[in-house]
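Asker: After the structure tokens below, expect a handful of questions from me.
The values are calculated or read from the model by the stated rules, or taken from the named source; none is laboratory data. This is a predicted model, so every value here is computed, not measured. When we count neighbours, we look across all protein chains shown, and the Cβ atoms used for this are built from the backbone with ideal geometry, even at glycine.
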Amino acid sequence: MAFWTKERIWLNEKTAADLKGDPITIALIARCLQGETLAFEQLYERHVSYIYRLAFGLLQHREDAEEVLQDVFEYAFRSLKRYDPHKSAFKTWLYTITVSRCRNKRRRKWLPILSLSQGQDTNQDRPLEVVDDRVLLPEQHMTRQSDQEVVWQALGCLSDKLRETAILRYYEEMTYQEIGEILGIPAKTAESRMRLAHKALRAALQEFMEDENS
């Protein structure tokens with residue numbers, strides 16, 4: 001890729017004790033900044049799965065998620081020299097970029113098609129599960145069809161802000177502090193949004209279940 005340029009290693013400028021994130025990723029970034037093509041490939045492979053999962057969870061559309069995925073890594077690699085490992089983990093930095101790109105995509109195209117594997121389970125401790133249709137067997141598609149509309153309506157009760165918080169908390173298992181860093185909000189605000197999202201989802205799903213059984 002043309003934007004892979006040779007940069008000096010920035011790790012020597014500050015003490016390694018203050019670095020955030022895992023050492024392997026930090027070492028890969030340092031090699032990327034030296035212009036090693038293999039390091040870019042390895043960095044991509046190390047982080048691509050959870051970035052796609054987040055994009056798919058927010059957009060619920062395979063092609064849109066793949067476009068965001070490509071955009072995120074192209075931007076990240078072009079801007080790699082601006083990433084500061086003393087301020088945030090690389091994963092957190094990528095999450096922030098991904099959420100921003102998904103917001104831009106949603107502004108152009110709204111696709112709220114989200115499946116929850118336990119859509120009718122009111123157990124608040126059970127995490128919600130994003131499902132990518134590419135990994136479902138034909139018979140599983142049939143069983144998902146009956147719940148799809150109910151779940152879609154329930155999630156339609158959530159604002160984009162609540163949906164983002166819920167996905168980062170449930171699916172990515174982020175702390176409220178991490179969610180706050182990614183969304184640019186205080187940790188307490190992230191926690192408050194999560195409570196509101198959970199309450200709204202449970203109430204909506206319960207209402208749909210009662211209507212269906214009446």
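Asker: Could you list, in sequence order, the residues of segment 154-169 that are surrounded by fewer than 20 Cβ atoms within 10 Å (Cβ to Cβ) and either at pLDDT 95 or above or more than 20 Å from S100 (Cβ to Cβ) (or both)?
Answerer: G156, C157
Asker: Go through (1) within 18 Å of M174 (Cα to Cα); (2) at pLDDT 95 or above; (3) not aromatic (F, W, Y) one by one and return the number of the condition E74 breaks.
Answerer: (1)
Asker: On the basis of being out of contact with any helix residue (DSSP H, G or I) (no Cβ under 8 Å at 6 or more places or on another chain) and β-branched (V, I, T), does T25 make the cut?
Answerer: Numbers: out of contact with any helix residue (DSSP H, G or I) (no Cβ under 8 Å at 6 or more places or on another chain): no; β-branched (V, I, T): yes.
Taking the combined requirement at face value, the residue does not satisfy it.
Asker: Working only within segment 164-214, note down all residues that are assigned to a helix (DSSP H, G or I), polar (S, T, N, Q) and either under 21 Å from W93 (Cα atoms) or in contact with a Cys (Cβ under 7 Å, 6 or more places away or on another chain) (or both).
Answerer: Kept after step one, since they are assigned to a helix (DSSP H, G or I), are these residues of segment 164-214: 164-170, 176-183, 187-213.
So of that shortlist, the ones also polar (S, T, N, Q) come out as 165, 177, 189, 192, 206, 213.
Across segment 164-214, the qualifying residues are T165, Q177, T189.
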